């Protein structure tokens, strides 16, 4: 199903040290995704500290978690889901309670000048933050997989919709859950999603992991993607 099977990482990546903003916007427009190496490096140490502090707090609050439809939620707002049978406990973190309201470094990174320049080149000069940020957390030997999907399945906008930016806080590869993208899939429009164990997703028979391009990267690398670009993340190996 990959509409651009010959697209490589080299076709969609740039370095923050030699960034041409208009070229970055052109890559995004053509492929529906863009990788900027090192973009968030100045913020990573502080964000990582906030993440690990929130994870430790969430684990300490696990006995107080309330059961909800998605799994369990601790008093600080962290979402836990069932863990694999071979894990050290029966619950694992999926969405950590780190947001623009709880992490100053996370909030500052959302207003990074270079990131804002890229988004403005894509959307135009009138840009605003959509949502409160989200921190997906994959635990060792756990790591909740997220089927290939489009973010547009979760929210609708009149025009193009928000530009998503996923930032790696640790060095990330196929072993610990790299993001996969399908370059060019944003041109297919809204696709039919189904209910899966990882919420809304595309039919696995039609959209296998082999149809997507895995993006390995270092802490501080950023991935921009169109709201209709097919993407997902497999479980930790």
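What strands (runs of 3 or more DSSP E), lying completely within region 171-230, carry at least 2 residues that are touching a strand residue (DSSP E or B) at 6+ places or on another chain (Cβ under 9 Å) and either over 25 Å from residue 24 (Cβ atoms) or modelled with pLDDT under 90 (or both)? Break it down into steps so the answer makes sense when it comes.
On the way: elements: 179-181, 194-196, 199-201, 213-215, 222-225.
In region 171-230, 194-196, 199-201 are the strands (runs of 3 or more DSSP E) which contain 2 or more residues that are touching a strand residue (DSSP E or B) at 6+ places or on another chain (Cβ under 9 Å) and either over 25 Å from residue 24 (Cβ atoms) or modelled with pLDDT under 90 (or both).
Somewhere in region 127-144, is a residue assigned to a loop (DSSP other than H, G, I, E, B), under 21 Å from residue 58 (Cβ atoms), touching a strand residue (DSSP E or B) at 6+ places or on another chain (Cβ under 6 Å) and at pLDDT 95 or above?
Going residue by residue through region 127-144, those that are assigned to a loop (DSSP other than H, G, I, E, B) are 127-134, 137-144.
Subset that is under 21 Å from residue 58 (Cβ atoms): 131-134, 137-144.
Cutting the leftovers down to touching a strand residue (DSSP E or B) at 6+ places or on another chain (Cβ under 6 Å) gives us 137, 139, 142, 144.
When the remaining residues are screened for being at pLDDT 95 or above, the result is none.
Within region 127-144, not a single residue is assigned to a loop (DSSP other than H, G, I, E, B), under 21 Å from residue 58 (Cβ atoms), touching a strand residue (DSSP E or B) at 6+ places or on another chain (Cβ under 6 Å) and at pLDDT 95 or above.
Restricting to region 108-154, count the residues that are in contact (Cβ under 8 Å) with a residue 40 or more places away in the chain and at negative phi. Even if it seems obvious, please write down each step before you answer.
Within region 108-154, the first condition is being in contact (Cβ under 8 Å) with a residue 40 or more places away in the chain, and the residues that meet it are 108-109, 112, 114-115, 117-119, 121-123, 135-154.
Cutting the leftovers down to at negative phi gives us 108-109, 112, 114-115, 117-119, 121-123, 135-140, 142, 144-154.
Here the count works out to 29.
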Q. Restricting attention to region 111-120, does a residue exist that is in a loop (DSSP other than H, G, I, E, B), within 19 Å of the chain's Cα centre (by Cα) and modelled with pLDDT of 95 or more?
A. yes
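Take the residues of region 73-88 that are touching a helix residue (DSSP H, G or I) at 6+ places or on another chain (Cβ under 8 Å) and surrounded by 15 or more Cβ atoms within 10 Å (Cβ to Cβ): which is nearest to residue 199 (Cα to Cα)? Before you say what the answer is, go through the steps one by one.
First, the residues of region 73-88 that are touching a helix residue (DSSP H, G or I) at 6+ places or on another chain (Cβ under 8 Å): 74-76, 78, 80.
Next, only the ones that are surrounded by 15 or more Cβ atoms within 10 Å (Cβ to Cβ) stay: 74, 76, 78, 80.
Values: 74: 20, 76: 23, 78: 17, 80: 14 Å.
So the residue we want is 80.
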(Q) Among the numbered criteria (1) in contact with a strand residue (DSSP E or B) (Cβ under 8 Å, 6 or more places away or on another chain); (2) surrounded by fewer than 20 Cβ atoms within 10 Å (Cβ to Cβ); (3) modelled with pLDDT of 90 or more, which one does residue 153 miss? (A) (3)
Q | Pair list, Cβ under 9 Å, 6 or more apart: region 24-50 residue at positive phi and at pLDDT 95 or above, other residue surrounded by 17 or more Cβ atoms within 10 Å (Cβ to Cβ) and part of a strand (DSSP E or B) | A | 32/181; 32/225; 38/222
(Q) It is to be established whether one or more residues within region 94-110 are exposed (fewer than 15 other Cβ atoms within 10 Å of the Cβ) and closer than 25 Å to residue 232 by Cα. (A) no
Q: Just one of (1) exposed (fewer than 14 other Cβ atoms within 10 Å of the Cβ); (2) over 27 Å from residue 140 (Cβ atoms); (3) at pLDDT below 95 trips up residue 70, so point out which.
A: (2)
Q. Name the residues in region 170-227 that are touching a residue at least 60 places away in the same chain (Cβ under 8 Å), over 12 Å from residue 149 (Cα atoms), exposed (fewer than 15 other Cβ atoms within 10 Å of the Cβ) and over 14 Å from the mean Cα position of the chain (by Cα), would you?
A. 174, 175, 187, 218
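The values are calculated or read from the model by the stated rules, or taken from the named source; none is laboratory data. The structure presented is a predicted model; accordingly, all values stated were derived computationally and were not measured. Heads up, the Cβs are rebuilt from the backbone with ideal geometry, glycines too, and the neighbour counts pull from every protein chain shown.
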